[in-house]
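**Q** Below you will find the structure I want to go over with you.
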Amino acid sequence: MIWTEIKIKSTPESEEAISNILYEAGADGVVIESPNNLSILKNKEVLWDYIDDDLINMDPEVSIIKGYINETENVKEAIAQIKKRIDQLPSFGLNTGNVETTVTEVDQEDWENSWKQYYKPTLIGQHFIIKPSWEPYTSQEGDMVIEIDPGMAFGSGLHETTQLCIINLEKHVKEGDVVFDIGCGSGILSLAAANLNCKKVIGVDVDSLAVQVAKENALHNHLDKIIDIRQGDLLDVVDEKADVIVANILAEVIVKLADQIKPCLKENGIFISSGIILSKVELVVDSLLSNGFEIIEVQRMGEWAAIMAQYKG
């Protein structure tokens, strides 16, 4: 099968927003090439040696986001929609830089394999090793290895927003907790929570492909007895209560969630929110405070922030 590759040159700040735009326009896969995602590897020689020199030498202020649309879709209409929505991003406070868009055709086999060269076993937090299914890794004492195949679903674990979530799940989740992962994508945060001896993890995503990939990753990691992946719009398919809720989405969505998730959190429950560009931190903090949350901590990594809050009722 021949696929249309839509290559967008923009900024690290806009990676996640553009990825979402590509998916919503019908892309069946998204690849992000960014030197910023390599910062966590710099002190790990065994991993650093794998990385392609072209990626290392990229301008740190530039990210390349590639989306792939199959030949059965209305490609011209999708491209026009993508360009229009990217042009609107600055009005939401995102710095997209000098956006460049290139459209080419690629063979399916080339697409499926080209991005894998950038995805290697990676340490996140104190103990988590995020390991792609096709890469070897010898586990060390204390490692919590998550073997994951992102497939066509966003969520490899390398993005700063995902790292912030994993670091804080490790900090706040206790044995026996119930955890909700809202917008679970490939299920990586659900897998991390389940490795922390949770009683139950519920992952929710509106995208059927993400749900399929997340279920497969839970099964592959032998955590399907703990992890329950559901398809739906945020919390519409959840009626339980959680000790911890994690959401790696966008600031505007988190602002709305601050009110919606209150019935789903136990008293003194923890809300870990990420996917927040630095310019939106105050907006999210204000929303959380006005909805009865107490801010525990704001952590920053690159252009992104995570906010940890406790619900006081």
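**Q** Rank by packing, highest mean first: peptides 265-276, 299-310, 235-246, with packing defined as the count of other Cβ atoms within 10 Å averaged across residues. Can you show the working numbers first?
**A** Numbers: 265-276: 23.3, 299-310: 20.9, 235-246: 18.2.
Top to bottom by mean Cβ count within 10 Å: 265-276, 299-310, 235-246.
**Q** Here is a follow-up. Set the Förster radius R0 to 22 Å, insert the Cβ-Cβ distance between Thr101 and Asn70 as r into 1/(1 + (r/R0)^6), and round the FRET efficiency to 0.05. Show your work: numbers first, answer last.
**A** Working: r = 19 Å, r/R0 = 0.85.
That pair, Thr101 with Asn70, gives E of 0.70.
**Q** Any idea of the accessible area per residue across region 247-313, 1.4 Å probe, to the nearest Å²?
**A** Values: 2780 Å² over 67 residues.
In whole numbers, region 247-313 has 42 Å² accessible per residue.
**Q** Per 0.36 nm of contour for each residue apart, how much would the distance between Lys312 and Asp87 grow if the chain were fully extended, relative to their Cα-Cα spacing?
**A** Answer, rounded to one decimal: 77.0 nm.
**Q** With both bridge residues required to lie in region 178-313, what share of the DSSP beta bridges run antiparallel, to the nearest 5%? Write out the running numbers ahead of the final one.
**A** On the way: 14 of 34 bridges.
So the antiparallel bridges amount to about 40 percent of the total.
**Q** Count charges around Thr96 for me, please; just the other residues with Cβ under 14 Å from its Cβ, Lys/Arg as +1, Asp/Glu as -1. Intermediate results must be reported in sequence, preceding the final value.
**A** Numbers: positive: Lys9, Lys83, Lys84, Arg85; negative: Glu13, Glu15, Glu16, Glu61, Asp87, Glu100, Glu303.
Charge balance near Thr96 sits at -3.
**Q** Of the accessible area of region 163-313, with the probe set at 1.4 angstrom, what percent is carbon plus sulfur?
**A** Numbers: 2970 of 6130 Å².
Within region 163-313, the accessible surface is 48 percent carbon and sulfur.
The values are calculated or read from the model by the stated rules, or taken from the named source; none is laboratory data. Quick caveat: nothing in here was measured; it's all calculated off a predicted structure. In this analysis, Cβ positions are derived from the backbone assuming ideal geometry, glycine residues included, and neighbour counts consider all displayed protein chains. Keep in mind that these areas ignore ligands, DNA and RNA; they rest on the heavy atoms of the full protein, side chains included. Shrake-Rupley method; radii C 1.70, N 1.55, O 1.52, S 1.80 Å.
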